[in-house]
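*Asks:* Handing you this structure, nothing more for now.
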Amino acid sequence: MKRFYILTIVFLLGTLNSCAQTFVPDDGFEQILIDLSQDSVPLDDFVPTANIMGVKNLSIQSLLGFDPDVNDFTGIEDFVALTNFRANFVTAPSINLSSNMALVSVNIVGRFLTDTNLKNGNNTFITNFNVLSANGSGLAPVRICVDDIAYANANLQNIYAVGNYFLQDCTAPVNSITGTTYFDADNNGCDPSGIVSTECHMVSIGSGAGNYMFTFILFKKITLPIL
């Protein structure tokens, strides 16, 4: 009799798991999963969990309409076997990958991306890492939550991501510096010759013989963690 009860419980657990649904409120994200045969029409904000929990590769290319745009990645947490994640030119302001503990490769180009949560307990598994936020005027900084700041600085730096910074407390409040920002290019203090940053512009200074040529990015708004 005990053996019968155990088999019944195992069967019920398997049935419940196969019927589990993952909440995917973003129609673009759900449509992509439908196109990948991991869901079926109509769009109803839910995807069978069993269909996505074993997926290892997820690549989303929203540029030029190759894939629908994604503004909300809710549901990505149930891709528990995900090792390679790529999302290009999506409009999601934040992406939470803290439940995706098998990640090896992360490549994100967001149009309005400000936050990425990569604190999954296994950052040492990651061998390929690129996170950029490009908003049409240039590159913007992204706040990236990680397991260990020192490790991230040594191993997860992206030379193309200007202003990105790491933190370990994903809920830490931030200070915002707003207003007109000047760059004192000639090192003579604040004066009318200073370069004014409006939004986010690429600025080149010092061209010509005997001068150095370099490019940098100025931000009107700078967000820094409170230490």
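The values are calculated or read from the model by the stated rules, or taken from the named source; none is laboratory data. Remember, it's a predicted structure, so these values are computed and weren't measured experimentally. Positions of Cβ are backbone-derived with ideal geometry, glycine not excepted, and every protein chain shown enters the neighbour counts. These area figures cover heavy atoms from the full protein model, side chains too; ligands, DNA and RNA do not enter into them. Shrake-Rupley method; radii C 1.70, N 1.55, O 1.52, S 1.80 Å.
*Asks:* How would 143, 86 rank on accessible area, largest to smallest, probe 1.4 Å? Don't skip to the answer; put the middle values down first.
*Replies:* Numbers: 143 35, 86 90 Å².
Solvent-accessible surface, decreasing: 86, 143.
*Asks:* Same structure, new question: Can you sort 94, 37, 105 by solvent-accessible area, 1.4 Å probe, largest first? Mind showing how you got there, number by number?
*Replies:* On the way: 94 65, 37 95, 105 15 Å².
Largest accessible area first, the list is 37, 94, 105.
*Asks:* On to the next question. How much length is gained on full extension from residue 44 to residue 171, taking 0.36 nm per residue of separation minus their Cα-Cα distance? Let's see the in-between values first.
*Replies:* On the way: separation 127, 0.36 × 127 = 45.72 nm, distance 3.09 nm.
Value of the extension gain: 42.6 nm.
*Asks:* For 73, 89, what's the largest-to-smallest order of accessible area, 1.4 Å probe? Present the calculation step by step, with values, prior to reporting the outcome.
*Replies:* Working: 73 10, 89 70 Å².
Descending order: 89, 73.
*Asks:* On to the next question. Could you work out what % of the accessible surface of the stretch 40-82 is carbon and sulfur, using a 1.4 angstrom probe and leaving DNA, RNA and ligands out of the count? Show your work: numbers first, answer last.
*Replies:* Numbers: 1290 of 2240 Å².
Carbon with sulfur: 58 percent of the solvent-accessible area.
*Asks:* Can you give me the distance in nm between label points at residue 150 and residue 66, each placed 7 Å from the Cα along the Cα-to-Cβ direction?
*Replies:* Label-label distance for residue 150 and residue 66, simple model: 4.0 nm.
*Asks:* Averaged per residue, what accessible surface does the stretch 61-123 expose to a 1.4 Å probe, in Å²? List each step's numbers first, then the result.
*Replies:* Working: 2460 Å² over 63 residues.
Solvent-accessible surface per residue comes out at 39 Å².
*Asks:* Enumerate the calculated ³J(HN,Hα) couplings along the stretch 53-63 in order (Karplus 6.51 cos²θ - 1.76 cosθ + 1.60, θ = phi - 60°), each rounded to whole Hz, writing x wherever the residue is Gly or Pro.
*Replies:* Here the 3J(HN,Hα) series is 5, x, 5, 9, 10, 9, 10, 10, 10, 7, 5 Hz.
*Asks:* Grab the Cα-Cα distance for residue 57 and residue 107, subtract it from 0.36 nm times how many residues apart they are, and report the gain in nm with one decimal. Working shown, then result.
*Replies:* Values: separation 50, 0.36 × 50 = 18.00 nm, distance 1.18 nm.
Taking 0.36 nm per residue and subtracting the Cα distance, the gain is 16.8 nm.
*Asks:* Sticking with this one: Would you mind checking which residues have amide H under 5 Å from residue 135's amide H? H placed 1.01 Å from N; only 5 or more apart, or other chain.
*Replies:* Close amide H contacts, sequence-distant or interchain: 140.
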